[in-house]
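The values are calculated or read from the model by the stated rules, or taken from the named source; none is laboratory data. These numbers were taken from a predicted model, which means no experiment stands behind them. Cβ placement follows ideal geometry from the backbone for every residue including glycine, while neighbour counts extend to all protein chains displayed. Please note that ligands, DNA and RNA were not included when accessible areas were found on the heavy atoms of the full protein model with its side chains. Shrake-Rupley method; radii C 1.70, N 1.55, O 1.52, S 1.80 Å.
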Amino acid sequence: MNAVKEPSFRESVDLMFNRAVALMDLPPGLEEKIRVCNATYTVRFGVRLRGQIHTFVGYRSVHSEHMEPVKGGIRYSLAVNQDEVEALAALMTYKCALVEAPFGGSKGGLCVDPREWDEHEMEQITRRFAYELAKRDLIHPSQNVPAPDMGTGEREMAWIADQYRRMNTTDINARACVTGKPVNAGGIAGRTEATGRGVQYALQEFFRHKEDVKAAGMKGTLDGKRVIVQGLGNVGYHAAKFLADQDGCKITAVIERDGGLMSEDGLDVDDVRAWIAKHGGVDGYPSGRYVRDGSKYLENECDILIPAALEGVINISNAERIKAPLIIEAANGPVTAGANEILREKGCVIIPDMYANAGGVTVSYFEWVKNLSHIRFGRMGRRQEEARHELIVGELEKLDEHLGDAWGMSPDFKQKYLRGAGELELVRSGLDDTMRNAYQQIREVWHEREDVQDLRTAAYLVSIDKVAASYRALGL
Ligand code: NAD
């Protein structure tokens, strides 16, 4: 047992914040204003289920309203508590500022295990929770816009949107009250994959900078890198799948609730995911080595470790044994403040949560804009773009005939070039651009300032600076 007490999640976020502001020149009042959580609303409500009234406890925390609406997911888990929701709300403030999504930070949570209730019951619970929040403007297109998080997804977001619309029948922007909805209910193409896709883009950008790869003691590109993923849910699954299918990574271990699977040859991500969906866990999966205590696999040799489940999984009790030279925090808060120090001293590079998993809120921002503009991205320009491309291809074809064997278009050039960008292509392009820009801003601070020793501190500096600028613009 380690005698040193680990700080709570919120204390951990505050410690990291304090470490960063110590390197800044902010007036003390403003520093405090940015750090504290503005308000946390606790709701207790009853729902009649299975012949009796069950009471549920939920939270919606608003960390900073320097920009409105405030934004942040809703989590369903029995472990939800005020400390956690406030820590996550604070991270949302910093995350939105970092990727320039024009929102303040918020987060919600409901103490419920979605696996204990059937779909109809979950709908009743969700609608009641949404009602409690919406009647206090804690769900509102211009004030507070939730999104999915652990234990929630498109289905819950569709119920929340519908509940809000029923309560606000004349609000033309009602759909913008929540993001992460199914595409046929006002969602946007590419939102479900967005956080995992953002993790992929973040890693691609990291590997474009040789100096950064070297700082982690690594070489080369993503191709062939051994990756361990904890949590094969929305974020972990998409990140692992894209890295394996498109970047040549090998997923050498998957860690889930009921244990871990390991295979040096690489696991088939879709197959493991299908097994989990059918059997409720990884136990019994026909290939790979299974252990019941999956967290042991966090300590395996690998190139990249992707914690994509819970907070606090890399802490002072196991940090010393973590061998990965590069950790990308797909989950929020997976590395505690204490573990962060231990890992930094070991030379491990951590790509911090506030940047690494910002893909979700980035595409949520696109969805919110789509809802407010009431038009699908690409609808106006796509065919026009295709017509212009057609003109160029026509000219190239004439050249092709003229030059004969001396020159020839690649076989699939015409098909690829002619296709105008639809919503999905535009969303991915906007996400890629966001992830590249944000990383470049952080790495610049990391490399240029001698007193900044890691990417996390650099990310805090960049984002706090932006939040402070907004407050100053408000005259504070
Ligand atoms: P999810 O519910 O889809 O998936 C979580 C996965 O983790 C599940 O497969 C679950 O079985 C697994 N898991 C739970 N407890 C575990 C344990 N003790 N050990 C190993 N695995 C465990 O949730 P998600 O949306 O993928 O969120 C995962 C993390 O990413 C959270 O920290 C969340 O805050 C963060 N995040 C999510 C989004 C998003 O868009 N969904 C955006 C930003 C950040």
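Quick notes
- Accessible-area composition of the chain, carbon plus sulfur, in percent [1.4 Å probe]: 49
- On the beta carbon distance between E100 and E386, with R0 = 30 Å, the FRET formula returns roughly 0.50.
- Partners for K181 among aspartates and glutamates (Cα-Cα distance below 14 Å; same-chain residues under 8 apart left out): D149, E154, E156, D162, E193, E367
- Cross-link reach is defined here as a Cα-Cα straight distance under 26 Å, omitting same-chain residues fewer than 8 places apart; for K414 the lysines meeting it are K398.
- Taking 0.36 nm per residue of sequence separation and removing the Cα-Cα distance, the L396/V369 pair yields an extension gain of 5.9 nm.
- For the range 71-94, the residues whose backbone nitrogen is under 19 Å from a point 7 Å from the Cα of L476, taken along Cα to Cβ, are 71-72, 86-94.
- In the context of the full protein assembly, M409 retains an accessible surface of approximately 40 Å², using a probe radius of 1.4 Å and ignoring ligands and nucleic acids.
- Extension gain (nm, one decimal) between R165 and S287, 0.36 nm per residue minus Cα-Cα: 39.2 nm
- Label separation (D223 vs E444): 3.1 nm, computed from points 7 Å beyond Cα along the C-beta direction.
- Placing R0 at 51 angstrom, the Cβ-Cβ distance between S317 and R208 gives a FRET efficiency of 0.90 after rounding to 0.05.
- Å² per residue, accessible surface of the chain at 1.4 Å: 44
- Within the chain, longest stretch clear of exposed trypsin sites (Lys or Arg not before Pro) (DSSP loop, no more than 16 other Cβ within 10 Å): 51-134
- Approximating the spin labels as points 7 Å out from Cα along Cα→Cβ, the A406-to-F45 distance works out to 7.4 nm.
- Over the range 38-187, Cα pairs under 8 Å with separation of 6+ residues give a relative contact order of 23 percent.
- Those residues of the range 135-162 whose amide nitrogen sits under 15 Å from the label point placed on A185, 7 Å along Cα→Cβ: 146-149, 152-162
- Each part gets one Cα centre, and for the range 138-197 versus the range 422-453 those centres are 26 Å apart.
- Each Cα pair under 8 Å and six or more residues apart adds its separation to the average, and for the chain the resulting relative contact order is 15 percent.
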